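The values are calculated or read from the model by the stated rules, or taken from the named source; none is laboratory data. A quick note: this is a predicted structure, and the numbers were derived from the prediction, not measured. We place every Cβ from the backbone using ideal geometry, glycine too, and count neighbours over all the protein chains shown. Surface areas here come from the heavy atoms of the whole protein model, side chains and all, with no ligands, DNA or RNA. Shrake-Rupley method; radii C 1.70, N 1.55, O 1.52, S 1.80 Å.
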Amino acid sequence: MPLRILVGTQWGDEGKGRIVDLMSAESHYVVRYNGGDNAGHTVTVGKQTFKLHLVPSGIIHPHTIGILGNGLVINPRSLLSEIEMLRAAGIEVSPTRLKISFGAHLITQGHIALDKAKELARGKGQIGTTGRGIGPAYTDKASRSGLRIFDLLDLNQLVVKMRMHLEQVNQILLSQFKAEPLALSPILEEMLNHARFLQPYIADTGAILDQALRDNQIVLAEGAQGILLDIDHGSYPFVTSSNVTATGVFSGLGIGIRVVESVTGATKAFQSRVGAGPFPTELDGEMATRLRGTGANPWDEFGTTTGRPRRVGWLDGVLLRYARRINGLTDLVLTKLDVLSGLETISVCNAYMDEQGQKVDTPAMGVCELERYQPVYTQLEGWQENLTGLRSWTDLPEQAKVYVRFVEKISGLPVSMVSVGPERSQIIVVPRE
Ligand code: IMP
């Protein structure tokens, strides 16, 4: 049963890219099943840092085959520039190494224009979308008027469908948002060029994966975003438009559920969020700046896709248990433990207090009304040592070990690894207690 799944247990940006990179070393296939170029995965190998949005992070390992499943929404312009960036860095991305499902949906310039116009019109109620056209593309998918990767195979039909789609978009832009209409010709021209380039990459990826799994090849499913941004299980409406959780893997790839070996949750040692919406353990002031970093390093808490400073806070055990339940997690990887060095005490939220002063382990309505709750913290002793050079569990300061074991206790899950820096080698394997 060689399907391994890696998902985010928070609001995204848990450091999944670098964990995928690690897990890819022993995977044959690295696959994305949800979202689009709203995702931002950072992988650092030696002195090279890659910021990937669409192509699975595991492609950096030369032996892997990357797959973009049918659950994705794909902007061909972003995909092409990412392929070019990877090729320029010496990573081969050819049709034998990257395969795109015919069932994935296309993001067009029309979707992007709608995303921006809708977000602007929300005024104070803005979601803080990445402006990449994700919501409108999934809206078209659900309303059965979307364009699919399959449509790139017939250029004549593509022009007809694109024209119809863009005319509809222009109508909405004009009538609902009083926004400038889009000029059709350059968009059509660009899409045709992209179609010609991408045609050799298009395949029945579900069938390829089915065969691979039958041959006992390891498939690594790489989640984008985190559970709290899931369209069904996240803090709606401040969510993205896809199923980011482990359950999204099967519909997003076209494979059955009997093949799962593990579901690993990537968890940052503290919590972060980009965009609007409730965040019970959010910090501000000096401590927030301390956890966020200044933006001088690529791993500081600034959005990989948008560059926006992330909101930061203490680790939230209530939400971690929620992530365990919905995803059926088997273990956790705790990232950025090194960032907590130098603090006198570290707070971890293990329960909430409701408006009546009642302590609860689980909110009554999932994550629907997080703004009603105050976090109840446990204070743990911090450590002063710099962890970035450590590679073995036995070398970690006692307080850091206590922190990791406390995360295991409140989540009910084993922590299999911790990361102590962005580089590939900055990982410590955690022994089972
Ligand atoms: P959208 O996915 O662009 O529609 O944005 C919806 C919400 O999800 C916004 O709050 C975004 O900031 C957030 N979001 C989308 N993708 C990511 C991600 O990869 N990491 C963190 N937040 C994300």
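List of remarks:
- Taking Cβ atoms as reference points and 15 Å as the exclusive limit, the residues near K268 contribute a net charge of +1, counting Lys and Arg as +1 and Asp and Glu as -1.
- Seen from Q157, the other residues with C-beta closer than 14 Å to its C-beta sum to a net charge of +1, counting Lys and Arg as +1 and Asp and Glu as -1.
- Within the accessible area of the chain (1.4 Å probe), percent carbon and sulfur: 53
- Helix-only mean residue ellipticity at 222 nm for the chain, each DSSP H run of n ≥ 4 adding -39500 (n - 2.57), per residue, nearest 500: -9500 deg cm²/dmol
- Phi-derived couplings, Karplus 6.51 cos²θ - 1.76 cosθ + 1.60 at θ = phi - 60°, listed residue by residue for the range 62-70: x, 8, 8, 10, x, 10, 10, x, 5 Hz, with x used for Gly and Pro.
- For the range 86-94, 3J(HN,Hα) computed residue by residue from phi via the Karplus equation (6.51, -1.76, 1.60; θ = phi - 60°) reads 5, 4, 4, 8, x, 9, 6, 10, 10 Hz, glycine and proline entered as x.
- Centroid-to-centroid separation of the range 319-336 and the range 30-52 [C-alpha atoms, Å]: 21
- Descending semi-axes in Å of the chain, equivalent ellipsoid built from Cα gyration tensor: 36, 26, 19
- Per residue, the range 105-200 exposes an accessible area of 53 Å² to a 1.4 Å probe, with every protein chain left in place.
- Label-to-label distance, D204 versus A121, with points set 7 angstrom from Cα along the beta-carbon direction: 4.1 nm.
- Residues whose amide H falls under 5 Å from that of R148, counting only those 5 or more places apart or on a different chain, are L106, with hydrogens built in the peptide plane.
- The range 337-393 versus the range 251-309: alpha-carbon centroid distance in Å: 15
- In order along the range 217-230, the phi-based Karplus estimate (6.51 cos²θ - 1.76 cosθ + 1.60, θ = phi - 60°) of 3J(HN,Hα) comes to 7, 7, 10, 10, 8, 9, x, 10, 6, x, 3, 6, 9, 5 Hz; Gly and Pro are listed as x.
- Antiparallel content of DSSP bridges confined to the chain, in %, to 5: 40
- Considering only Cα atoms, the convex hull volume of the range 105-200 works out to 95 Å³ per residue.
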